[in-house]
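Data first, discussion second: the structure below is written as structure tokens.
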Amino acid sequence: MTSLSRELVFLILQFLDEEKFKESVHKLEKESGFYFNMKYFEEKVQAGEWEEVEKYLSGFTKVDDNRYSMKIFFEIRKQKYLEALDRQDKPKAVEILVGDLKVFSTFNEELYKEITQLLILNNFRENEQLSKYGDTKTARSIMLIELKKLIEANPLFRDKLAFPTLKSSRLRTLINQRYVIKHVKAFYWFSLLLGDMLHDVEAILRLMKRKSHEVLTPFNLSLSLYHCSLNWQHQLCKNPRPNPDIKTLFTDHTCSPSNGPLAPTPANLPISAVAKPVAYTSLGVHGPFPPAVATANANALAGWMANASASSSVQAAVVTTSTIPVPQNQVSILKRPRTPPTTPGIVDYQNADHEQLMKRIRPGHSVEEVSYPVARQASWSLDDLPRTVAMTLHQGSSVTSMDFHPSHHTLLLVGSHNGEITLWELSLRERLVSKPFKIWDVSACSLPFQAAAVKDAPISVSRVAWSPDGNFVGVAFTKHLIHLYAYTGSNELAQRIEVDAHVGGVNDLSFALPNKQLCIVTCGDDKLIKVWDANGRRLFTFEGHEAPVYSICPHHKENIQFIFSTAIDGKIKAWLYDNMGSRVDYDAPGHWCTTMLYSADGSRLFSCGTSKDGESFLVEWNESEGAIKRTYNGFRKKSAGVVQFDTTQNRFLVAGEDGQVKFWDMDNINLITSTDADGGLQGLPRLKFNKEGNILAVTTVDNGFKILANATGLRSLRTIETPAFEALRSPIESAAIKVSGSSTVNVSPVNCKVERSSPVRPPPILNGVDPMSRSVEKSRTVEDTADRAKPWQLSEILDPVQCRSVTMPDTTDSFSKVVRLLYTNSAVGILALGSNGVQKLWKWSRNEQNPTGKATASVVPQRWQPNSGLLMTNDIAGVNLEEAVPCIALSKNDSYVMSACGGKVSLFNMMTFKVMTTFMPPPPASTFLAFHPQDNNIISIGMEDSTIHIYNVRVDEVKSKLKGHQRRITGLAFSTNLNILVSSGADAQLCVWSIDTWEKRKSIPIQLPAGKPPVGDTRVQFHSDQLRLLVVHETQLAIYEASKMERIRQWVPQDVLAAPISYAAYSCNSQLIYASFCDANIGVFDADSLRLRCRIAPSICLSSAALNRSQAVYPLVIAAHPLEPNQFAVGLSDGSVKVIEPSESEGKWGSSPPTDNGILNGKAPSSSTTSNHTADQAQR
């Protein structure tokens, strides 16, 4: 049917309901299939009228239409069956089983058998899954919750769960205008319809289906009715136009401009988002389905659009009690907005707020620039602009998004190209938290995303955002996903929800507070805008864009909440939270990618974008007219990408272009000033103000960002709290300091280009070599003038009470050293390989003391063995264990472990400890094992004879043999980002191999101290960004840029950590490096700067007996927890294994020292608390 014919049915339904023809109402609902009356359906289910329930449903769906429909009918018939059993009516139960439930046996035969077996029980509650089945009334209520969820999720019910908002007696109103009706036959039909035949819905439907006379076809009947009424309504127009449009039967006609807005309407109720059923659930009706929260959500959200007027108060009350939900993804066939009332005809149309809002965001006839008088802001000076470079920070991957905390003004959230998010405390120059990209629950993701995640390019962050209260962090990714973290004020982000939000990229994310309820708004490549609550339930889906949606801008005027959206075709639309389509539709300048932002006080609207030809536009909008108020000058003609911008203080605009930061006064179209921030900015840098506008973050070309500040911002950046996370437990009280005239701090802003000929003092020398400043460097201008921060102190853990630790039970074995140590990938266990070739496994159980079941130092785990009592023992026949080099690797799913100890490589089943197969018998013996990151059947095996074998387990064949080292292989590390394998050997050499061809790309020696022979185990591990490489040798820790194999950091043992290094490894987030030493000390280093944060004394990891032994005991190996960055485990030379983590009060291992720590008058003390980097020139 056409939209007008559909509207006619709704008018008839409204009339029948008003006249109390209830039976006819529900017959017409069912026969037309336009409106599913959830309230009627609930009544019939609660009454147990199963025949009528299925009959009503049949007007909308059949059993085999889709999986939702099948599940709906299954739940109904299962309940009917259980009630028959509960009445001890076995014959009826058999009838239902054979007649109604048999159809489902085709899809799940096991479930059907289980249902059949209930017949032999005296009480079906003896079945464990049905043991909590209560009385019939309760069971029906619980089932009804599930049915409502399934109906709301079923696409066949889309657009059928909401009844439009109509003024009372709308059909009578149209008929009462009949004295101007010229189509007498049409009036006769409607008079007949509303007369004696009202009780006979079948007669109504027969009339609607007649084709013998044109005037009786549904469309022409509605058209005739509207034409009749239109003549009357058109006479009332103030500015009547010829040939008025027919748009809807629901509202009276008025002539409006051709580009005028759609009539505003009150909000619809959102529905509870429903998880897709993937299979039949178990028999238990109480088990998997928690009580519905739809009512609570409806009550909370119903008043979004209501105001204090009498009419809207009534409306809010009515809508709140409504039982008619709104479909999730409503594609309205009607061309006018509609909203669901509880009782048709009661809800009035608009309220004053809607009219006022529409006046503000109504599109105008043109976008020509309009001049309006504006009150000038208070006076300001250039010193108010944050232009002085305070610091440069290295993120490690190209920065794609940034956002400052709304109240902690030096707390910056950063998203990166490699999918990592990082929380920086700028006053400490320290990373507080870092979360590499990880799919939290692959099984909950759509199949297209699972496929894309495997084969496509790495997933990047497209947007990071703080919630308005600073308690949550939202992250949007370039493929499908959004993540929500809870931020509790400590140095941790807790995983909250993961949502497969859009098909393709999620291009933008923002928070909104409709009705003071926190919501997340997203947009994506699928041309949709979606609204989610904080539990991941979808509340709204807005569709109407014809191109991928580029950005969103949620906002509110008075108590009206709305969303602006822009698409890559340059279209700007505005939406209310009501699923009723966009309210405005106009073009952005440039007709391509555009971002919209409001000023801090919400009174002024700006947009910035770039055309496909590279021309950029920064404009202010006049919301009342939908016209451009002013266009700002200062961009160069062509840009290679999209210009980014931000606003601050209700006064300034800033945009990044041509490697510069450009500033405007909001009231002046001409550029105020610009700065290149000492150079190094991206061509089109991303930038973000903090909420006070005194600090500005700007991205750089070397995978980092610079922090610019004014005098007030510089003072706040020099306020260092120790430890950082303690300072963040309560809001930071920052005093706003007015700056007028010249700054009180003698700092030269870098507005003008830096004089390249100016003499620059070389940086201080640390341990006799130049430090490389790629990670964290402080601006020269600030370093010379800033006040000295209070002294930083190295954190030292000297007493066991200062941290938490637990020793694995049954570990001490003086005849076997722990030479290899791994956490399971699921973080529930630890696997140790001893020098005798025996592997031991410990697991943590999920219980009240450890609700997560993950590895923790707070609970003692259990030594795990299968019932058979088998040990995982490697082949050691004929092996000299003193000379053997044990090696181990664990599959990604923790199902198999592969290891060797001088003999053949064995593949063990982790559940049974049985040897699945053996391969690669010596000689030569295997010395290092690594699974290929993309294929578990491919294993790279380092050998004692210095070769590397690329072995395919499936076909039991060595595919390639790599030669390049002179001594045995001691380390292997893959980088999927760079498509390389890096190997290290006992010859102190590093080799780089192509994964595609297995050809050697490069070979370099590590730099050893003078006189040190090129021997000793060298180990390698990639940073989570897959770009930086940690190289560990007994003489040093070093960080390499793997793409060029250039060393960018180095630390050598010294002072309190002067003993040789025995092992080192990255933390799970690659922000820390744990290093063990041959004197039993452990050092915790900042991974970027290689500066020592914390020293853990031998007394922490050694028992009192070990401390008193004549033979030294020390950690031979370190393993980092795969999920908790501050937890690690050590394997010791006495055979013991210990898990160590900070105390609960501390939460982390010390804090990073500032860059200039320990430097006095250009000299650096010889201290291990500072890094001792080797100069770039020295290694070339």
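At-a-glance table
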item: Segments classed as strands (runs of 3 or more DSSP E), wholly inside the range 396-454, with at least 3 members that are under 28 Å from residue 537 (Cα atoms) and not β-branched (Val, Ile, Thr); result: 399-404, 411-416
item: Complete set of residues in the range 48-71 that are part of a helix (DSSP H, G or I) and within 21 Å of residue 134 (Cα to Cα); result: 50
item: Subset tally (residues that are of a type in the set (S, T, N, Q) and touching a Cys at 6+ places or on another chain (Cβ under 8 Å)) for the range 465-511; result: 2
item: Any hit, the range 1131-1142, residues being of a type outside the set (Ser, Thr, Tyr), at pLDDT 90 or above and open to solvent by 20 Å² or more (accessible area, probe 1.4 Å); result: yes
item: Filter result for residue 1104 (without any contact (Cβ under 8 Å) to a residue 12 or more places away in the chain and closer than 17 Å to residue 803 by Cβ); result: yes
item: Flag for residue 1095 being among the basic types (Lys, Arg) and open to solvent by 20 Å² or more (accessible area, probe 1.4 Å); result: yes
item: Test set (1) open to solvent by less than 60 Å² (accessible area, probe 1.4 Å); (2) closer than 27 Å to residue 1064 by Cβ - residue 869 fails condition number; result: (2)
item: Residue tally, condition under 19 Å from residue 821 (Cα atoms) and open to solvent by less than 50 Å² (accessible area, probe 1.4 Å), over the range 904-927; result: 9
item: The range 1002-1026, subset under 29 Å from residue 976 (Cα atoms) and of a type in the set (Gly, Ala, Ser), residue farthest from the chain's Cα centre (by Cα); result: 1016
item: Criterion (modelled with pLDDT of 90 or more, surrounded by 13 or more Cβ atoms within 10 Å (Cβ to Cβ) and not small (Gly, Ala, Ser)) met by exactly one of 145, 181, 204, 175; result: 145
item: Residue list for the range 118-137, filter: at pLDDT 85 or above, part of a helix (DSSP H, G or I) and open to solvent by 70 Å² or more (accessible area, probe 1.4 Å); result: 137
item: Single residue of 798, 821, 794 found to be within 24 Å of residue 1083 (Cα to Cα) and either of a type in the set (D, E, K, R) or modelled with pLDDT of 95 or more (or both); result: 821
item: Residue ID - farthest from residue 584 (Cα to Cα), chosen from residues in the range 603-631 that are open to solvent by less than 10 Å² (accessible area, probe 1.4 Å) and assigned to a loop (DSSP other than H, G, I, E, B); result: 614
item: First in the range 627-639 and in contact (Cβ under 8 Å) with a residue 60 or more places away in the chain, second anywhere and among the aromatic types (Phe, Trp, Tyr) and not in a strand (DSSP E or B), Cβ under 8 Å, 6 or more apart; result: 629/372
item: Test set (1) surrounded by 19 or more Cβ atoms within 10 Å (Cβ to Cβ); (2) within 17 Å of residue 592 (Cα to Cα) - residue 539 fails condition number; result: (2)
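To keep it simple, each residue is scored yes or no on (1) under 20 Å from residue 154 (Cβ atoms); (2) acidic (Asp, Glu); (3) in contact with a Phe, Trp or Tyr (Cβ under 7 Å, 6 or more places away or on another chain).
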position	(1), (2), (3)
77	yes, no, no
89	no, yes, no
101	no, no, yes
104	yes, no, yes
112	no, no, yes
121	no, no, no
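The values are calculated or read from the model by the stated rules, or taken from the named source; none is laboratory data. The model shown is predicted, which means the values in this text are computed figures rather than measured ones. Note that we place each Cβ from the backbone using ideal geometry, even for glycine, and neighbour counts take in every protein chain shown. Please note that ligands, DNA and RNA were not included when accessible areas were found on the heavy atoms of the full protein model with its side chains. Shrake-Rupley method; radii C 1.70, N 1.55, O 1.52, S 1.80 Å.
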